[in-house]
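Okay, so here's the structure we're looking at.
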Amino acid sequence: MSVIVDNIAELVTHDPELGMLLDAAVVVEAGRIAWVGPAGQAPAADRRIDAAGRAVVPGFVDSHAHLVFAGDRAGEFAARMAGESYDGGGIASTVSATRAASDDELRALLAGRVAELRGQGTTTVEIKSGYGLTVEDEARALRLAGEVTDETTFLGAHVVPRGVDRRAYVDLVTGPILDACAPLARWVDVFCEPASPHAFDGEESREVLLAGMAAGLIPRVHGNQLGHGPGVRLAVELGAASVDHCTYLADEDVAALADGETVATLLPAVEFSTRSPYPSARRLLDAGVTVALATDCNPGTAYTSSMPFVIALAVREMGLTPTEALWAATAGGARALRRDDIGVVRVGARADLAILDAPSHLHLAYRPGVPIASALDL
Ligand code: NIG
Ligand code: FE
């Protein structure tokens with residue numbers, strides 16, 4: 001059964017040949033794009049969706065999220081707004097709440113969050129473990145994540161759990177926890193942050209990533225969030241798909257990213273919720289670095305599921321144009337996940353589309369806080 005979406009005022013494709021189409025149509029068959037072009041030339045289809053003069057864009061690719069958790073940390077947020085700083089210490093309270101929750105409770109919380117994302121236009125989400133920190137709890141988080149996405153990330157090395165010796169935990173997370181989790185994940189991640197007493201330094205992070213790679217996982221890194229440090233250069237050196245946060249970047253970091261294959265994923269909702277300085281996306285683009293945008297949805301540093309909010313922040317605070325920010329939130333996220341079947345509208349790509357209650361993608365940043373985007377159900 002084929003479906004045509006027509007009467008699209010503006011279709012953003014991110015396909016170099018198609019570009020941006022005005023008065024366009026898309027035909028979808030079996031979950032894939034079968035035809036795209038000017039509405040007047042569209043073939044017939046079994047069912048029709050009238051976009052009624054609205055804009056259609058690739059569905060958002062949220063390449064960084066922590067959605068398997070229980071409880072919240074609203075009090076910690078309020079304290080930060082009153083001047084406290086973030087060092088990752090609050091993660092322990094989410095670990096306790098998550099361990100205490102039943103599978104069904106976590107599954108329901110996760111389903112609610114995925115629905116919230118989709119309702120705002122996100123069609124692919126990467127989901128990390130990292131609030132379990134034991135063999136059973138990390139594996140459970142990845143099993144639950146795997147029920148809703150293929151993009152599962154082992155983040156056993158999120159923090160050293162309370163009461164556990166640092167060296168003993170590095171051995172655990174590169175040994176038995178990894179053994180249980182590797183079959184359940186595509187990616188391995190680490191919170192590389194020497195500035196935090198809870199996270200991992202450069203050498204520990206290297207150990208974690210190399211062990212994950214030896215187990216068949218592809219590396220990605222939380223790096224340079226709280227201060228300057230080794231995260232970005234380690235990510236590039238190991239050929240990580242992405243290094244995320246990049247809040248504090250030295251010239252050497254930018255040069256390494258420009259010379260390497262690693263995507264810089266910026267998470268402006270974190271700067272918003274931690275009162276950190278926003279890094280300049282413009283500096284990265286000018287150096288030739290590929291930039292992605294993601295929510296980092298988590299209860300500590302960014303409790304938002306909204307890619308449009310992230311786009312608006314990136315435009316206002318990071319020096320991206322609305323068009324560049326949309327690219328980073330779709331095609332950029334796809335690069336960060338090493339996918340070429342999403343983040344783009346072209347024949348053969350997944351039919352993952354978002355419709356905007358607006359005539360142009362510019363409205364994503366122009367109308368901040370207004371729920372204009374949603375995933376198209378085809
Ligand atoms: O990406 N920085 C490390 N991890 C998360 C925050 C996790 C939390 O505070 O619960 C992040 O910001
Ligand atoms: Fe994160």
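Conditions: (1) of a type in the set (S, T, N, Q); (2) closer than 28 Å to Val221 by Cα; (3) touching a residue at least 24 places away in the same chain (Cβ under 8 Å). Asn7 meets all but one. Number of the miss? So the condition that Asn7 fails would be (2).
Evaluate the following for Ala139: is it without any contact (Cβ under 8 Å) to a residue 12 or more places away in the chain and under 30 Å from Ile342 (Cα atoms)? No, not satisfied. Each residue in region 173-223 was checked for being away from ligand 1 (no atom under 16 Å from the Cβ) and polar (S, T, N, Q), and 1 of them qualify. Residue-level check: of (1) within 14 Å of ligand 1 (Cβ to nearest atom); (2) in contact with a Pro (Cβ under 8 Å, 6 or more places away or on another chain); (3) of a type outside the set (Asp, Glu), Tyr278 misses just (1).
Results for (1) aliphatic (A, V, I, L, M); (2) without any contact (Cβ under 8 Å) to a residue 40 or more places away in the chain; (3) within 16 Å of ligand 2 (Cβ to nearest atom), shown as yes or no for each residue.
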position	(1), (2), (3)
Val236	yes, yes, no
Gly239	no, yes, no
Ser242	no, no, yes
Cys246	no, yes, yes
Glu252	no, yes, no
Asp259	no, yes, no
Arg275	no, no, no
Tyr278	no, no, no
Arg282	no, yes, no
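If I ask for residues that are within 16 Å of ligand 2 (Cβ to nearest atom) and either in contact with a Phe, Trp or Tyr (Cβ under 6 Å, 6 or more places away or on another chain) or closer than 30 Å to Ala168 by Cβ (or both), which ones from region 123-150 would you list?
Glu126, Ile127, Lys128, Ser129, Gly130, Tyr131, Gly132, Leu133, Glu138, Ala141, Leu142, Ala145
Considering every residue within region 93-103, establish whether at least one is in contact with a strand residue (DSSP E or B) (Cβ under 9 Å, 6 or more places away or on another chain) and modelled with pLDDT of 95 or more. Yes, there is a match, as at least one residue in region 93-103 is in contact with a strand residue (DSSP E or B) (Cβ under 9 Å, 6 or more places away or on another chain) and modelled with pLDDT of 95 or more. Among the residues of region 45-67, is there at least one that is within 16 Å of ligand 2 (Cβ to nearest atom), out of contact with any Cys (no Cβ under 8 Å at 6 or more places or on another chain) and among the β-branched types (Val, Ile, Thr)? Yes, there is a match, as at least one residue in region 45-67 is within 16 Å of ligand 2 (Cβ to nearest atom), out of contact with any Cys (no Cβ under 8 Å at 6 or more places or on another chain) and among the β-branched types (Val, Ile, Thr).
Residue by residue, here is whether (1) without any contact (Cβ under 8 Å) to a residue 40 or more places away in the chain; (2) closer than 24 Å to Ala269 by Cα; (3) in contact with a Pro (Cβ under 7 Å, 6 or more places away or on another chain); (4) among the aromatic types (Phe, Trp, Tyr) holds:
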site: Ser85; (1), (2), (3), (4): no, yes, no, no
site: Gly89; (1), (2), (3), (4): no, yes, no, no
site: Arg99; (1), (2), (3), (4): yes, no, no, no
site: Leu106; (1), (2), (3), (4): yes, yes, no, no
site: Ala111; (1), (2), (3), (4): yes, yes, no, no
site: Val114; (1), (2), (3), (4): no, yes, no, no
site: Gly119; (1), (2), (3), (4): no, yes, no, no
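The values are calculated or read from the model by the stated rules, or taken from the named source; none is laboratory data. What you see is a predicted model; the values in this text were computed from it and never measured. Positions of Cβ are generated from backbone atoms using ideal geometry, with glycine treated the same way; all protein chains shown enter the neighbour counts.
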